[in-house]
Amino acid sequence: MDNTSRQFFKRACAVIPGGVNSPVRACHNVDSLPLFIAKGQGSHLWDVDGHEYVDFVLSWGPMILGHAEPSVTRAVCEAAAHGASYGAPCPDEVALAEEVVAAMPSLEMVRMVNSGTEATMSALRLARAVTQRDKVLKFIGCYHGHADAFLAAAGSGLATFSIPGTPGVPAAVVADTLLAPYNDLDAVEDLFVHDGEQIAAVIVEPVAANMGLILPKPGFLEGLRALTIKYGSLLIFDEVITGFRVAYGGAQARWGIEPDLTTFGKIIGGGLPVGAFGGKRRFMERIAPKGDVYQAGTLSGNPLAMAAGLTTLHLLKTADYDALEARTVAFANELAAILAAKNVPIKVPTMASMFCPFFSENEVTSYTDAKHCDQQLFTSFYKQMRARGIYLAPSGFETGMISFAHTDDDFNKALEAARAVRF
């Protein structure tokens, strides 16, 4: 790490807790200091010391078109010339809502918010109001933002009691949060047998992308849909990451499953802070001012963010998702072969334009499996790749992202860097 990034980090530590505004950026998990980024263009980043990197983080997912995509940049600049915020409706929020509703099979209405956390928090409030129940079932290792109800942790096996996952969250707040292992449909069914009449909703990342990249087992998502229908609970798909990435219509289109509510973030803001939640009209019309469930936000529907999101979706509507997925699979397979030749345990699963190097001999299908991966090997891999100009997420529990802007040269540079890694 060169002097300028180091100096910025020192200054940041004096005025920002931990020197960062989101914890994983601190790079503690990989025995490194954070890079301070000066600019991004296409699939590349440059830090404040002038070093160039091939970016496989993409702001944790939203930059599927690459950084500073000209049409998106132009749309934001044109919107900014008319004012940064109105605190009143603007035309683009209507247009973006129409695009999101048209893209997702389950949606009839959508409410714009400012982050994925705000979207999931609001969706849960709505589900509780609709069902007149209090409990929510989530999956160990799935991340749905930092609202109190979702910050629950549990020991091994089926959790019968939930405890706060962080100080500052009262035990009473997460007492109604039930936990099950991802991909364990039997555990979910057991919870429904015991508490089904009290469960307002099941919330799930249809593709788990916050404990590395873990794909749903065949029948898992279908089983959740069937159980929620049987017990009168709502099924919430958290498509903050998967929405417009695993397919233009999200995971629900790819798997042919219609959840009751869906949450969004990342891509629908085109790099600006945007979230949304939506679902069937009969549920969404419970939201104020039409209905009695209160949700509000001064910056919701912000004209800059709406312009960025609307332009992004217009470009994605005709994008070749199949070709991007094929390139991702080819890259991941070659990366896995290179690392396997070094006699380290490695699996590199993919889904659409996402990939994840798990240093494990076994397939990773749950958070427990992910925790058993060799994090020391990942740390060594991360540090050596970063030193060779490859920017990866600084945690073995995060997912690599690929954009339409990535080139064959980018992939080749990353593979050459991997060939040079020594364990």
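Tabulated data for the structure shown
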{"read-out": "Residue among Ser43, Ser71 that is open to solvent by less than 60 Å² (accessible area, probe 1.4 Å), in contact with a helix residue (DSSP H, G or I) (Cβ under 6 Å, 6 or more places away or on another chain) and closer than 30 Å to Met211 by Cβ", "value": "Ser43"}
{"read-out": "Some residue of the range 99-112 being of a type outside the set (Val, Ile, Thr), in contact (Cβ under 8 Å) with a residue 24 or more places away in the chain, closer than 27 Å to Gly42 by Cα and open to solvent by 40 Å² or more (accessible area, probe 1.4 Å)", "value": "no"}
{"read-out": "Cross-chain or 6+ apart pairs with Cβ under 6 Å, the range 20-37 first and assigned to a loop (DSSP other than H, G, I, E, B), then β-branched (Val, Ile, Thr)", "value": "Asp31/Thr379; Phe36/Val48"}
{"read-out": "Checklist (1) touching a strand residue (DSSP E or B) at 6+ places or on another chain (Cβ under 7 Å); (2) open to solvent by 30 Å² or more (accessible area, probe 1.4 Å); (3) of a type in the set (Ser, Thr, Tyr) applied to Thr399, failing item", "value": "(2)"}
{"read-out": "Test set (1) part of a loop (DSSP other than H, G, I, E, B); (2) closer than 23 Å to Leu35 by Cα - Lys413 fails condition number", "value": "(1)"}
{"read-out": "Any hit, the range 187-194, residues being touching a residue at least 60 places away in the same chain (Cβ under 8 Å) and in contact with a helix residue (DSSP H, G or I) (Cβ under 8 Å, 6 or more places away or on another chain)", "value": "no"}
{"read-out": "Filter result for Ala370 (open to solvent by less than 10 Å² (accessible area, probe 1.4 Å), among the hydrophobic types (A, V, I, L, M, F, W, C), modelled with pLDDT under 95 and not in a strand (DSSP E or B))", "value": "yes"}
{"read-out": "Contacts under 9 angstrom Cβ, first residue in the range 195-223 being over 22 Å from Asn362 (Cα atoms), partner polar (S, T, N, Q) and open to solvent by 10 Å² or more (accessible area, probe 1.4 Å), 6 or more apart", "value": "Ile199/Thr131; Ala200/Thr131; Ala200/Gln132; Ala201/Thr131"}
{"read-out": "Residue ID - farthest from the chain's Cα centre (by Cα), chosen from residues in the range 45-69 that are part of a strand (DSSP E or B) and closer than 25 Å to Val240 by Cβ", "value": "Tyr53"}
{"read-out": "Options Ala420, Ala405; residue that is of a type in the set (Gly, Ala, Ser), open to solvent by 10 Å² or more (accessible area, probe 1.4 Å) and touching a strand residue (DSSP E or B) at 6+ places or on another chain (Cβ under 8 Å)", "value": "Ala405"}
{"read-out": "Leading residue by the ranking (nearest to Leu227 (Cα to Cα)) among those in the range 113-129 that are buried (at least 21 other Cβ atoms within 10 Å of the Cβ) and of a type in the set (A, V, I, L, M)", "value": "Ala127"}
{"read-out": "Some residue of the range 70-87 being farther than 24 Å from Gly145 by Cβ, free of Cβ contacts under 8 Å to residues at least 24 places away in the same chain and in contact with a strand residue (DSSP E or B) (Cβ under 9 Å, 6 or more places away or on another chain)", "value": "no"}
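Every residue, every condition in (1) buried (at least 23 other Cβ atoms within 10 Å of the Cβ); (2) aromatic (Phe, Trp, Tyr); (3) touching a helix residue (DSSP H, G or I) at 6+ places or on another chain (Cβ under 7 Å), yes or no:
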| site | (1), (2), (3) |
| --- | --- |
| Gly256 | no, no, no |
| Ile267 | yes, no, yes |
| Phe277 | yes, yes, yes |
| Lys317 | no, no, no |
| Glu334 | no, no, yes |
| Glu361 | no, no, no |
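To keep it simple, each residue is scored yes or no on (1) open to solvent by less than 40 Å² (accessible area, probe 1.4 Å); (2) touching a residue at least 12 places away in the same chain (Cβ under 8 Å); (3) more than 30 Å from Ala276 (Cβ to Cβ); (4) over 20 Å from the mean Cα position of the chain (by Cα).
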residue: Ile287; (1), (2), (3), (4): yes, yes, no, yes
residue: Val293; (1), (2), (3), (4): yes, yes, no, yes
residue: Ala308; (1), (2), (3), (4): yes, yes, no, no
residue: Thr312; (1), (2), (3), (4): yes, yes, no, no
residue: Ile338; (1), (2), (3), (4): yes, yes, yes, yes
residue: Val344; (1), (2), (3), (4): yes, yes, yes, yes
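The values are calculated or read from the model by the stated rules, or taken from the named source; none is laboratory data. For clarity, every value in this text was computed on a predicted model and none was experimentally measured. Glycine also receives a Cβ, built like all others from the backbone with ideal geometry; neighbour counts cover every protein chain displayed. In case anyone asks, the SASA skips ligands and DNA or RNA and just uses the protein heavy atoms, side chains included. Shrake-Rupley method; radii C 1.70, N 1.55, O 1.52, S 1.80 Å.
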